[in-house]
Amino acid sequence: MRLLTRLAGYVPTVVLARRNVSRATARSALAVVAVVIGVVAVGGVGLGGEAFTQNQLEAYDGFGGVATVSQLDYPDDGAAEPDGELSEQEISRLRQTAGSAAVIPVVRPANDTVRTPDGEALFTVRVVSMSDPSRFYELRSGSFPASSARAVVVGSRVAENNDLAVGDRVTVSTDSFTRSFRVAGVLKGQGFSDPLSADRSVFVPVGQFDDPTYDEALVQVDAQEGSLDETVERVETEFNSRDRSVFVDRVSDQRDQREETFEQINLFLLGLGAVSLLVAAVTITNTMLMSIAEREGELGVLRAVGYGKWAVLRLVVVEATLIGVVGVAIGVPLTLGVGAVVNYALLGDPLAFTQTGLRYVALGAALGLGIAVFGGVYPAWRAATREPVEALE
């Protein structure tokens with residue numbers, strides 16, 4: 001602080017501006033608080049939005065090099081919808097076409113119901129069956145059961161909302177069976193962006209279905225053995241060369257769509273946060289106008305002894321800038337603190353800042369300082385254009 005004071009001593013305008021700002025402590029403090037709120041609003045929303053986006057997109061990490069294949073259904077209106085079913089023959093044909101890529105069929109049985117040990121029906125829980133869930137998911141506790149075992153793996157939300165743990169029993173009912181299963185494992189949380197909605201699902205081994213029909217198939221390509229694009233092209237050629245019979249959707253495309261949606265939501269929230277900066281500009285303008293009104297005589301004396309219009313204008317703008325600098329100096333650490341809390345809550349790492357998130361902090365700081373300067377321009381112009389005789393009256 002002493003070094004800053006010495007440096008400021010070489011700039012008389014800064015010293016005088018600092019004195020003028022400190023004379024109206026309460027008003028200046030309110031203006032600083034307005035800038036702090038604006039900086040935290042913009043930077044905090046940006047950091048929080050980035051943390052939320054990372055948290056949700058982590059669900060796609062286990063689905064690298066994966067595409068979903070669904071049978072198209074043509075209802076009466078002729079518009080194709082991916083609501084059909086894939087037979088065992090079509091799955092075999094898909095495996096031949098995919099070559100070295102793994103094909104994992106997925107069953108989503110109709111009229112499925114899951115009940116807790118006390119008989120309560122879980123209406124928001126879906127039953128899913130696939131041959132090897134461990135390809136895409138990690139367990140929080142327990143283990144993955146064998147394909148023929150009378151055991152299931154439950155999603156994190158299912159377990160948390162219904163107090164289920166490894167060893168408990170649930171009853172699963174579908175069109176094919178009604179059976180009691182032991183909970184063999186609980187999955188780690190995936191977020192609502194997960195392609196299979198694992199958090200709200202119960203995974204039943206494929207061996208429990210006598211003659212399953214598959215709602216979709218996941219095609220997974222190892223990057224060292226082939227290209228997902230080439231595999232998708234072969235599938236499209238094999239199944240859709242004459243009539244379009246399957247819908248192929250890369251999970252990476254789904255991820256990009258989600259990311260774009262999150263970015264748009266984040267920009268909207270940033271716009272709302274920017275409103276607080278406009279409030280800060282009005283507050284600073286009002287503070288400076290009141291300060292100038294109280295110092296009309298002082299400013300008139302300065303003009304009378306030779307202070308030019310530009311010198312007065314510069315003085316008032318520097319006063320507003322000092323308010324902005326103090327607000328940014330307080331707001332940026334607060335923003336990073338808020339971001340660290342959000343990162344810890346969503347990602348488990350308080351320092352998981354991204355470059356994009358830090359850019360939002362820089363944007364908030366730049367806007368806070370810019371708004372402060374902007375808020376001081378009109379009061380500065382009024383003070384500079386007032387005639388010395390009028391100011392001294």
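What follows draws every value from the coordinates through simple rules; no lab data is involved. Please read all numbers here as calculations on a predicted model, not as lab measurements. Here the Cβ positions follow ideal geometry from the backbone for every residue, glycine too, while neighbour counts run over all protein chains shown.
Data for the structure
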{"quantity": "Largest-first principal axis extents of the Cα set of the range 73-226 (Å)", "calculated": "45, 44, 30"}
{"quantity": "Residues Phe268 and Arg182, FRET efficiency given R0 of 45 Å [Cβ-Cβ distance, rounded to 0.05]", "calculated": "0.45"}
{"quantity": "Under the Karplus curve 6.51 cos²θ - 1.76 cosθ + 1.60, θ = phi - 60°, whole-Hz ³J(HN,Hα) for the range 341-354, x wherever Gly or Pro sits", "calculated": "5, 5, 4, 5, 5, 9, 10, x, 9, x, 9, 7, 7, 9"}
{"quantity": "Rounded to 5, percent antiparallel among DSSP beta bridges of the range 63-251", "calculated": "80"}
{"quantity": "Burial ranking of peptide ranges 313-320, 85-92, 40-47 (average Cβ count within 10 Å, highest at the top)", "calculated": "40-47, 313-320, 85-92"}
{"quantity": "Sorted by Cβ neighbour density within 10 Å, fewest at the top, the residues Met130, Met290", "calculated": "Met290, Met130"}
